[in-house]
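Enquirer: One structure is given below, represented as structure tokens, and several questions about it will come after.
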Amino acid sequence: MGRRLSSFGFLSSLGHGVNDLYFFALPMVLPLLLKEYALSYRLAGLVLASYLGIVAIFSYLFGRGSDRFSPWILIGGGFLLASTGFLGAGLSPARAGVLSSLAAAAVGAATFHPVIYSLIARLEPVRPGRAFGSFELYGGLAILAMYLAGGLLLSWMGWRGVLAAVGVPGLAMGLLFLRPAPAAAPAGGKVQAPAGAGAGPERGLRGAGAGLVFFLVASGLRFLTTTAVTNFLPTYLAMDRQLPPSLAAYVSGLVFAGGAAVVWWGAVADRGPPLTVLLLASGALAPLVFVFSLRLPFWAILPVLFLFGAFNGGCGPAQNLVLSALGSRAGSGAVFGLLLAVISLIGALSPALFGLLADHLGLETTMRLFALPALAGWLLLLVFQRTSWGLPLRR
């Protein structure tokens with residue numbers, strides 16, 4: 001059993017690394033898309049928002065489907081569809097072909113996270129925080145490698161070559177997941193509450209009620225900030241700070257280098273109340289975004305971005321533990337599918353809103369304003385902790 005879980009852990013982490021490429025390849029090439037198609041910031045934001053909106057809708061559908069159908073087939077098929085979409089976007093000569101291929105890729109990319117989160121919650125009940133942390137680490141490392149390699153590829157192959165290259169690894173991952181499952185997972189199994197999540201009756205999705213909604217709003221506000229910052233970061237560095245697109249890609253990679261701290265955060269979340277860990281990690285995001293929006297010298301930008309990545313990565317394991325506890329009696333795929341869909345829909349609004357404001361206020365002022373949603377989300381999370389809604393999540 002241990003070997004099977006180890007095999008599952010390696011496959012899920014490797015798959016996470018490949019799947020996260022589908023989310024950050026488009027932001028990396030966005031500055032070149034802006035120039036080639038003469039897009040305004042508003043239209044660029046709508047492109048990103050449309051992509052994430054498709055991901056959000058299908059995350060819920062695939063999450064529910066994973067409680068009834070084989071999660072391995074869903075994930076494997078999703079990889080093949082997403083990779084085919086990115087290959088099509090890179091090879092298509094027309095703008096309509098690029099956008100339609102990216103839409104298909106978004107449907108495929110939506111399968112992985114809700115399905116794999118529910119599998120981790122089922123198969124790693126002893127140290128779920130560490131499992132989620134290791135899982136998130138591979139995603140961050142893959143994105144960091146993409147930004148480093150992407151800086152070279154952008155200058156060598158252009159944005160079309162980068163999109164096509166992103167589509168290649170997923171073809172192999174799709175075939176790996178379509179093989180017999182490396183570990184047994186009971187269909188329709190329940191998400192187990194994380195160790196140390198606290199006493200109290202188990203509550204399903206309906207039973208969580210207002211507390212779950214409140215937590216979702218707080219998380220959505222944080223994602224409103226982080227999604228906009230990470231998606232527009234290469235464009236902000238290239239357009240506002242006047243960095244070459246390749247250098248902007250390298251510098252943006254610092255966010256994901258800082259995200260390597262997620263393994264440490266996951267271990268901390270296993271030992272301490274996950275809600276407290278989430279408060280500590282998310283509380284640093286708004287100040288860091290505000291500082292980044294200031295006219296800093298180039299050398300000072302680097303540690304700020306690294307710290308932003310470290311604290312943003314720290315939110316992931318703790319948040320997943322809280323969500324597992326809040327939805328402990330509902331079907332695991334449905335829980336994570338619904339929660340990821342709601343968060344992704346809110347996050348999908350942020351690039352469109354960021355682009356719209358940037359057209360009128362400029363990139364620098366808009367970046368500064370986008371520190372406010374993360375601050376508001378942290379305050380709501382603090383209220384959540386201090387009310388009866390947070391009681392099942394305390395030790």
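Enquirer: Normalized C-alpha radius of gyration of region 227-271, against 2.2 N^0.38 Å?
Expert: Normalised Cα radius of gyration, region 227-271: 1.50.
Enquirer: Taking only the alpha-carbon positions of region 235-328 and ignoring solvent, what does the Debye formula give for the base-10 log of I(q)/I(0) at q = 0.15, 0.17, 0.18, 0.19 Å⁻¹?
Expert: -0.62, -0.74, -0.79, -0.85
Enquirer: For LEU254, LEU175, give me the order by solvent-accessible area with a 1.4 Å probe, most accessible first, ignoring ligands, DNA and RNA.
Expert: So, going from the largest accessible area down, we get LEU175, LEU254.
Enquirer: What nm distance separates the two modelled labels at ALA38 and ALA145, each placed 7 Å from Cα along Cα→Cβ?
Expert: 4.0 nm
The values are calculated or read from the model by the stated rules, or taken from the named source; none is laboratory data. Values in this document were obtained by computation on a predicted structure and should not be read as measured data. Don't worry about glycine lacking a Cβ; one is built from the backbone with ideal geometry, like all the others, and counts go over all protein chains shown. To get the accessible areas, we keep the full protein, side chains included, count just its heavy atoms, and leave off ligands, DNA and RNA. Shrake-Rupley method; radii C 1.70, N 1.55, O 1.52, S 1.80 Å.
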